[in-house]
1. Applying a 10 Å radius around every beta-carbon, put 3-10, 159-166 in order of their mean neighbour count, most first.
2. Can you work out the Karplus-derived ³J(HN,Hα) for every residue in the stretch 238-253? Use 6.51 cos²θ - 1.76 cosθ + 1.60 with θ = phi - 60°, whole Hz, and x for glycine or proline.
3. Which ordering of His468, His73, His287, His295 is given by a fewest-first count of other beta-carbon atoms within 10 Å?
4. Packing-wise, with mean Cβ within 10 Å as the measure, how do 356-364, 243-251 rank, highest first?
5. Of Gln17, Val215, Asn123, which is farthest towards the positive pole of the chain's charge dipole, taken about the Cα centre with +1 and -1 on the beta-carbons of Lys, Arg and Asp, Glu respectively?
6. What aspartates and glutamates does Lys194 reach when the alpha-carbon gap must be under 13 Å and sequence neighbours fewer than 8 apart in one chain are set aside?
7. Select one label from (1) 80, 52, 52; (2) 92, 56, 51; (3) 119, 49, 48: the one whose number is Cα extents along the principal axes in Å as derived from the coordinates shown.
8. When Asp29, Asp558 are ordered from fewest to most other Cβ atoms inside 10 Å of their Cβ, what list results?
Amino acid sequence: MPTGHLRILETTDLHMQILDYDYFADHPDRSTGLVNLADTIAELRSDSNFTTLLLDNGDFLQGNPLADYVASHGQDGQPHPMIAAMNLLGYDAIGLGNHEFDYGVDFLLQTLSDAQFPVTCANFRLTDGRALSRPYAILDRRIECDDGITRPIKIGVIGFLPPQVSEWNPEKLDGVVQVDDIVSTALTNIPNLKAEGADIIVALCHSGIGGQDHVNGMENAAIPLASIDNIDVVLAGHTHELFPDPMRDSSEVVDPVLGTLHGKPTVMPGFYGNQLGIVDLKLRWDHGKWQVGCHQSRLVAGKSAQPAGSTLSQKLRKEVGAAHSATLSHIRKPIASTRKRIHSYFTTVGPDLSQRILARAQREFIETALMGTPAASYPLLTATAPYLFGGRAGPGHYIDIPAGPIALRDAAAMFPFADNLCAVRRTGAQIRAWLERSAAHYHQVTIGEHEQPLINLQSPGYNCDVIHGLSYEIDLSQPAMFSTNGVLQDSNAQRIRNLTYQAQPVTDDAMFIVAANRYRINGGGGFARCCDADILYASQDSLREILIGSLRKQPCIDDLPDRTWRFRNLPKTSATFLSAPAARDLMPEQVSYIGPAENGFDRYRFAF
């Protein structure tokens, strides 16, 4: 029977990384950027053996100072730079991610109005009836078959995003949107797509590869979604992981080498444009219907787009050049200064100054906000986490501010999100559980052994909270109470030791106020969600604006003492972790250098 070939290209979690530039560090970064995928996309599309689609899976509008600048300064009637870039590259359709809503629904509506391609999201709608996107799209294309005949094909594309989006952004979305479960929505809509003639269905799933079994409202639902009949391809995202990935654990329904979930071809190409996902399908024309034959899932890294690169990459640079230049001028404005070097190279082995600066800003703001209220009589704590910590983003993804001026870009590095600050009431028992959840970031270590891994690489650094104002130890000889997804796995486990406030033990019934970002308060990252009755205050200003205001009021940073936490002493025991080569001259006590490691990192040792 005749056969033809369909190629599907995926980008995901671009986070406004259009160019190969690190706005936080203010220097080029040739490892990232949609511009570095442009030549690869053009090359793959030029293969006449395939009909090719280019799709994006969401979280493209927010994530760096370029995104913030465009959102706050407007576009002078021009298309948003990311939409202009997607129009230029000829995207066939896109889905939405949770971060698309960080600047509000009106901004998103205006941004998407210039898109020259369909925008799909099936489990999200505006309650006022305005059309932000369509549930799905059917793309009419033609495939040249090996018998010399070109035949039509209808390709259904359906988008999904995490149902938690309204919880993570309630100030902008409460009462404005309806968000439904991913799998339930798919079960409703896939038959409609087939009834409307879709031959092949591609799920644009802005959701990670999580649990195998469907749980209503689950955040990472790619596996149960793939089990649904008539979904042929799954394009995953949200968690910034890679798939296929031979290092990932396999199961009866997950093949990380072939890149399949429930036998369906699946890709997840990282973030920031560092990879392009490719699914190649060989289709059979069988009695007037298209059937999927064999398939291949793979990832390819972008090619560094040098100034003398292709016409397409140069057009892309020109398209966003004005916004890029304006952003650089803005983020280089000084707002304070520091006598000490501020960095996050060792943020997960001890308190660092960048988190202390953020904690101070949060504490001062909430102290003022609660002044004169009953809540002001309770002890005030602040929760922070590292956001530039290496990890999947590589050894250049750290805060490193030399002694001297602190610029706007440095504040963005300390808190990169358009999130708000909240004050929440928590008991001693709830705070202990919060810290136990954070301690899942680390592997259990064996006393008396060395060269054992310290960091659980399944846990991103931004899920390792520090609660300032307390003093405590983390005992890594004990198992973790929670999994890295926040699931309770051992209620008797206890890593948090000697938890005190002002040298007095914290009892389970003690009452505190904790200042933390809205994402965490609403359960983001697998932490316990705070009920509305316990949320005593929510700021109108963004947390980054609060941080900038704090820095301007105290324009010279010297040092901020912090005795918050430490690892518990374990005799003759050490563990290893990765950090940047630049960290070698900044090693704190208990840390020693081992040597170069993979992917440009260096390996260090922590002695307990």
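1. Values: 3-10: 22.8, 159-166: 25.2.
Order by mean packing, descending: 159-166, 3-10.
2. Those phi angles translate into 6, 8, 6, 8, 10, 7, x, 7, x, 7, 7, 5, 9, 8, 5, 10 Hz.
3. Numbers: His468 25, His73 12, His287 7, His295 21.
Fewest-to-most Cβ neighbours within 10 Å comes out as His287, His73, His295, His468.
4. Details: 356-364: 23.3, 243-251: 13.8.
Descending mean neighbour count gives 356-364, 243-251.
5. Of Gln17, Val215, Asn123, it is Gln17.
6. Result set, ordered by chain and number: Asp229, Asp232.
7. Checked against the structure: label (1).
8. Values: Asp29 22, Asp558 9.
Taking fewest neighbouring Cβ atoms as first place, the list is Asp558, Asp29.
Bear in mind these aren't lab numbers, they're just calculated from the coordinates by the rules spelled out. Not measured: the values here are computed from a predicted model. Neighbour counts are summed over all protein chains in view; Cβ atoms, including those assigned to glycine, are modelled from backbone coordinates with ideal geometry.
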